[in-house]
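Values in this text are rule-based calculations from the coordinates and carry no lab data. What you see is a predicted model; the values in this text were computed from it and never measured. In this analysis, Cβ positions are derived from the backbone assuming ideal geometry, glycine residues included, and neighbour counts consider all displayed protein chains.
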Amino acid sequence: MLFGLALLLAGCGKQIEGAGMADLPKSFVLTSAPITLPVDAVTLPSSAEIVTLNCTGCHSAEMITSQPRLDAQKWQLEIVKMRKVFHAPIEIHDDAKLVTALMQLQRPSRTAY
């Protein structure tokens, strides 16, 4: 994710030239602006490295750990959806490890009183 952001920002401060920019004035320049990103209050354990590598480019650790409890089949469907609909670069051979790790990250079920 950081590499992609670095590539995106690499052009900041440089004059824009090239195809598709004919409508912009020649003096058009991008400038950098500092931003402060929120601190993620939740961190994933090292045992969930497969989740960190495949999911945290788009999802925060807090968002991942606050999902409703799903069984293995439903997690598999979520992974397939991320790959097919959102073009997540998840290797098929990682699916089983990813499902296991996601299930281990789930919060315990709440017991009705």
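Can you name every residue in region 75-94 that is of a type in the set (D, E, K, R) and either under 14 Å from the mean Cα position of the chain (by Cα) or outside any loop (DSSP other than H, G, I, E, B) (or both)? Can you show your working first?
Of region 75-94, the ones of a type in the set (D, E, K, R) are 78, 81, 83-84, 91, 94.
Once the filter is applied, which keeps residues that are of a type in the set (D, E, K, R) and either under 14 Å from the mean Cα position of the chain (by Cα) or outside any loop (DSSP other than H, G, I, E, B) (or both), region 75-94 yields Glu78, Lys81, Arg83, Lys84, Asp94.
Annotation: of all residues in region 21-74 being of a type in the set (Asp, Glu) and not in a loop (DSSP other than H, G, I, E, B), the one that is farthest from Asp95 (Cα to Cα) is Glu62.
The number of residues in region 59-97 being touching a residue at least 40 places away in the same chain (Cβ under 8 Å) and closer than 18 Å to Val42 by Cβ comes to 4.
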